[in-house]
Amino acid sequence: MSGEDNMKTPDMPQQAMQPGARREAEDKGAPLITAEKVNKHFGHFHVIKDVSTRFYQGEVAVIIGASGSGKSTFLRMLNRLETHDSGKIVIDGIELNENMKNIDAIRREVGMVFQSFNLFPHMTVMNNITLAPRRLRGVTRAQAEETARGLLAKVGMSDHAHKYPHQLSGGQQQRVAIARSLAMQPKVMLFDEPTSALDPEMIKEVLDVMKDLARSGMTMIVVTHEMGFAREVADRVIFFEKGQILEEAPPAEFFGNPKNERIRSFIGQISQAR
Amino acid sequence: MNAAISILPAHWSRERRSAVSIAIAVAGLVLFLWLMAIPLSWMPEPIGSAAQLFAEGAKTTVQLTVVAGVAGIALGVLAALAKLSKLPPVRWIANFYIWVIRGTPLLVQVLFVFLALPAMIPGLQLSDFNSAVVALAFNVGAYNAEAIRAGILAVHKGQTEAARSLGLTPFMTFRDVVFPQAFRVALPPLVNNIVALLKDSSLAYTIGVVELTNIGNRIQAATFQPIHSLTTVAVIYLLLTTILTQISNAIERQLDVERHR
């Protein structure tokens, strides 16, 4: 954020105590992430069509939509795991383009949690978490491990620091993956269907960690099918359909009074399935 | 070939047992090279009196293998990366290198480095040993490249994505995340290549390197007893390849964090 925006920075901790409360436009300050008329094609398939939206500091945005609606692709564009064909994405004042220095700088500030965890299997939990801070933040191993122990406590994995990922359950692996991202002290966390690869009994433990994170004031953009999470924690729900944002609204409005027939039937189907 | 590991205490961790068995196997190789002249000297003629020569020859063979093997792995990594490069000219160079090396006999390559290279570029006259190392390293490097390339491709794309999304540079991502996993996958074929290299180092004989095969041939020519001297040579090769396999098995176990033992 640039200096002139500082006075408008919202009072985050207080905001964070009221998950789901909609923030008024004048309280939001400058957006942390701006996407403007973003387009992407996979071959002839137009996956993302003229998508524009903004994400603000401290906001928890939940992106939902059917498979193939482009929601994951859009999320992955925000740290350039996917490129965009046209339009503009600006994160924390830096534009995402071919410039590799920009990309590396942005990726250090944007944490990402994947559906398939993607922990490094040849490293212990501790080394998974400390690798990036040691390489990029110039901290000593001792400092990095100190921070890591704090993060492991936060995600309830303190007893597992010496283990390898294959010795952990899916839910435990995902909690470690969240700690690994947090170790870089990112300004925003992206979650790409973080609970979709988990057995039902493990979903809750991961969602609980994410809820704590949201309450602590972390800016989060979450692609998920967990409607309960969206209702409880989101400040804004974004509905993707055929590569476009069909609707974005606070959860009470989105679920309570869906404007669109398509959204109504989607919510109906999801709720039945659960 | 789990001899080394099975006699170690079962309550030791897998890492500890495999680290110890790597150490045992390496120490075994050193001891074998250092002390082999003693049992050989007890053998009947013509071996007994030539024991020291056999030991020297075996040492040279191992030197050729270790130096060319290490250089060959480095060349293999470079060629594998070049083959996976986004830049077409870099890929062409790597493909050309692999095509030439795999399509020509190693004996021709050894002779080429020793005889043709200095004729083409005056001043590039390497010693017989160094010529053999260069030819063997480039040869095994081409085969290693395929093994390492397959290893790199076997690492899940999500690993690179996770590393890059943490902000790690492409180099860090390769060194810390992709290569260690790729190397584990590539290890069994790499070991095959190194064992083949140990045996192929006998071709250095043709340019006058005094290695094991050269010694065996000299002694059978001098004594007219081919059975004894060549059998001795074969047994020494067999022991060397066995020790090499032991070392690599231990390394494989060391890197294999995902198997429960």
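The values are calculated or read from the model by the stated rules, or taken from the named source; none is laboratory data. Just so it is clear, the structure is predicted and the values come from calculations on it, not from any experiment. When we count neighbours, we look across all protein chains shown, and the Cβ atoms used for this are built from the backbone with ideal geometry, even at glycine. Each accessible area value is taken on the protein alone, full model and side chains, heavy atoms only, with ligands, DNA and RNA left out. Shrake-Rupley method; radii C 1.70, N 1.55, O 1.52, S 1.80 Å.
Per-residue answers, yes or no, for (1) aliphatic (A, V, I, L, M); (2) within 25 Å of the chain's Cα centre (by Cα); (3) open to solvent by less than 50 Å² (accessible area, probe 1.4 Å):
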{"position": "B:L111", "(1), (2), (3)": "yes, yes, no"}
{"position": "B:P118", "(1), (2), (3)": "no, no, yes"}
{"position": "B:I121", "(1), (2), (3)": "yes, no, no"}
{"position": "B:S127", "(1), (2), (3)": "no, yes, no"}
{"position": "B:V133", "(1), (2), (3)": "yes, yes, yes"}
{"position": "B:F138", "(1), (2), (3)": "no, yes, no"}
{"position": "B:E146", "(1), (2), (3)": "no, yes, yes"}
{"position": "B:L153", "(1), (2), (3)": "yes, yes, no"}
{"position": "B:G158", "(1), (2), (3)": "no, no, yes"}
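Going through (1) within 11 Å of another protein chain (Cβ to nearest Cβ); (2) open to solvent by 10 Å² or more (accessible area, probe 1.4 Å); (3) within 30 Å of A:G93 (Cα to Cα); (4) without any contact (Cβ under 8 Å) to a residue 60 or more places away in the chain one by one, A:I106 falls short only on (2). Going through (1) in contact (Cβ under 8 Å) with a residue 60 or more places away in the chain; (2) surrounded by fewer than 21 Cβ atoms within 10 Å (Cβ to Cβ); (3) out of contact with any Gly (no Cβ under 7 Å at 6 or more places or on another chain) one by one, A:A177 falls short only on (2). Scanning the stretch A:56-75 for residues that are under 11 Å from the mean Cα position of the chain (by Cα), away from every other protein chain (no Cβ under 14 Å) and open to solvent by less than 10 Å² (accessible area, probe 1.4 Å) gives A:V60, A:A61, A:V62, A:I63.
Scanning the stretch A:103-122 for residues that are more than 21 Å from A:P194 (Cα to Cα) and outside any helix (DSSP H, G or I) turns up just one, A:H122.
Of everything in the stretch B:153-171 that is farther than 18 Å from A:M184 by Cβ and not in a helix (DSSP H, G or I), the residue that is nearest to the other protein chains (Cβ to nearest Cβ) is B:H156. A:M126 meets each of the listed conditions (1) facing chain B (nearest Cβ under 9 Å); (2) surrounded by fewer than 20 Cβ atoms within 10 Å (Cβ to Cβ); (3) farther than 30 Å from A:I64 by Cα; (4) among the aliphatic types (A, V, I, L, M) apart from (1).
Identify, please: which residue in the stretch B:64-102 is closer than 30 Å to B:M36 by Cβ and free of Cβ contacts under 8 Å to residues at least 24 places away in the same chain and is, among those, most open to solvent (accessible area, probe 1.4 Å)?
Filtering the stretch B:64-102 for residues closer than 30 Å to B:M36 by Cβ gives B:64-74.
Filter once more, so that each one left must be free of Cβ contacts under 8 Å to residues at least 24 places away in the same chain: B:66, B:70.
On the way: B:V66: 81, B:V70: 98 Å².
Step by step, filter the stretch B:64-102, then rank; the result is B:V70.
Taking the conditions exactly as written (in a helix (DSSP H, G or I), modelled with pLDDT of 90 or more and surrounded by 15 or more Cβ atoms within 10 Å (Cβ to Cβ)), does B:L198 satisfy them or not? Here the answer is yes, as B:L198 does meet what is asked. Annotation note: Cβ proximity below 9 Å between a residue of the stretch B:110-136 that is more than 15 Å from B:T61 (Cα to Cα) and a residue that is at pLDDT 90 or above and among the aromatic types (F, W, Y) (sequence gap 6+ or interchain) occurs for B:V113/B:F138; B:Q125/B:F114; B:L126/B:F114. If you scan the stretch A:150-169, which residues turn out to be touching a residue at least 40 places away in the same chain (Cβ under 8 Å) and surrounded by 18 or more Cβ atoms within 10 Å (Cβ to Cβ)? Of everything in the stretch A:150-169, those that are touching a residue at least 40 places away in the same chain (Cβ under 8 Å) and surrounded by 18 or more Cβ atoms within 10 Å (Cβ to Cβ) turn out to be A:V155, A:Y164, A:P165, A:L168. If you go through the stretch A:76-95 and keep only what is closer than 11 Å to A:A35 by Cβ, within 14 Å of chain B (Cβ to nearest Cβ) and not in a loop (DSSP other than H, G, I, E, B), you end up with A:M77, A:I91.
Within the stretch A:134-149, the set of residues being without any contact (Cβ under 8 Å) to a residue 24 or more places away in the chain, out of contact with any Asp or Glu (no Cβ under 8 Å at 6 or more places or on another chain) and open to solvent by less than 90 Å² (accessible area, probe 1.4 Å) comprises A:R134, A:G138, A:V139, A:T140, A:A142, A:E145.
Being within 17 Å of B:L29 (Cα to Cα), aliphatic (A, V, I, L, M), open to solvent by 30 Å² or more (accessible area, probe 1.4 Å) and at pLDDT 85 or above narrows it down to one of B:V235, B:V210, so name that one. Before you say what the answer is, go through the steps one by one.
Details: B:V210 fails: within 17 Å of B:L29 (Cα to Cα).
Just a single option satisfies the conditions, and that option is B:V235.
The set of residues from the stretch B:180-195 being at the interface with another protein chain (Cβ under 10 Å from one of its Cβ atoms) and open to solvent by 40 Å² or more (accessible area, probe 1.4 Å) comprises B:P180, B:F183, B:R184.
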